[in-house]
Amino acid sequence: LLLLCYTEEAAVIVSGLKNTDVFVGESATFTCELSHPGVKNVQWWLDGSPLHNNFVTEISQQDGMIHTLTLNDVACHDSGTVTFRAGSLISSAKLLVKGISLLE
């Protein structure tokens, strides 16, 4: 019985999200790497709102371990906290969208 507990090792976050600063109109990419695949209930959030795959929001994964979120053509109101959740694992980072100043 004890051996069974260790055969299905719980996944951990190997590399979490990093704070990202971009300018208006650029893309912002966030990546989270898990120790192994198979984690259920993977979800991305921006300031508490769940994100879904569409032409502005690209959500992808590689080998079930590397999860990537790309926000295209960001605007100032996209600034906030990006959160990646996979099962009980959570990683968060700040997105800061900077306006382009016309003043020299």
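Annotation for the stretch 36-104: trypsin sites (Lys or Arg not before Pro) lying in DSSP loop with at most 10 further Cβ atoms inside 10 Å of their Cβ are Lys40. With all projection directions averaged, the alpha carbon convex hull of the stretch 13-98 covers 5.0 nm². Among the chymotrypsin sites (Phe, Trp or Tyr not before Pro) within the stretch 23-64, those in coil by DSSP and having at most 11 neighbouring Cβ atoms inside 10 Å are Phe55.
Taking Cβ atoms as reference points and 14 Å as the exclusive limit, the residues near Asp21 contribute a net charge of +1, counting Lys and Arg as +1 and Asp and Glu as -1. Per residue, the stretch 13-98 exposes 55 Å² of accessible surface when a 1.4 Å probe is rolled over the protein heavy atoms with every protein chain present.
I'd like the FRET efficiency for Asp21 and His52, computed as 1/(1 + (r/R0)^6) with the beta carbon distance as r and R0 of 25 Å, rounded to 0.05. The formula returns an efficiency of 0.55 here. Atom-type composition of the exposed protein surface of the stretch 13-98 places 52 percent of the accessible area on carbon and sulfur (1.4 angstrom probe).
The values are calculated or read from the model by the stated rules, or taken from the named source; none is laboratory data. Remember, it's a predicted structure, so these values are computed and weren't measured experimentally. No Cβ is skipped: glycine too gets one built from the backbone with ideal geometry, and neighbour counts run over all protein chains shown. When the accessible area is computed, the model is the full protein with side chains, heavy atoms only, and any ligands, DNA or RNA have been set aside. Shrake-Rupley method; radii C 1.70, N 1.55, O 1.52, S 1.80 Å.
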